[in-house]
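Nothing in this text is a laboratory measurement; each read-out follows from the coordinates by a stated rule. From a predicted model like this one, the values you see are computed outputs, not experimental measurements. Neighbour counts run over all protein chains shown; Cβ positions are idealised from the backbone, glycine included.
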Amino acid sequence: MTMNTKRRVFLKGSLAAGTVGVAVGAGLLTPQAVIAAWDEKAFAAKSVDEALNAAMGMASNTASDAIKIKAPDIAENGAVVPVSVSTDMAGVESIALLAEGNATPLVATFELGEGAVPDVSTRIKMGKTADVIAVVKAGGKLHSARKSVKVTIGGCGG
């Protein structure tokens, strides 16, 4: 690449960045338009059933061996607990992840599009030793699995 070509690439990039900056400043591009919806009622719920009702429309669920939760048996630090949920169920619409011992148990929800692989991973906070609950909505019904996680150092103010 010659020096002249590098200069052109730099100038084009600068012009594009400047144009986006002007558009944001003028209110033509608003960052809020791409932010995911926040279900305040579900994430503020104080019980598992209340959170499930708000997030998934019902709380009644059936235990299922088809849901696999991967989480440590002992979490050295409750502030960062890696959790993965997968299932081979057909027609999965959404997956909710709850930490039963937290003051607000709902920690994550995942809405899955048609044809998406129902396999999600994240890191959650756990205030104390408790069950991690994965709830999968498939075919209009809720299915769940639990895994006990012992927390040695609390992540929610502990």
Estimated distance in nm for a label pair at SER148 and ASP119, the labels positioned 7 Å out from Cα along Cα-to-Cβ: 2.9 nm
Computed Rg/Rh of the stretch 37-151, alpha carbon atoms with Kirkwood Rh: 0.94
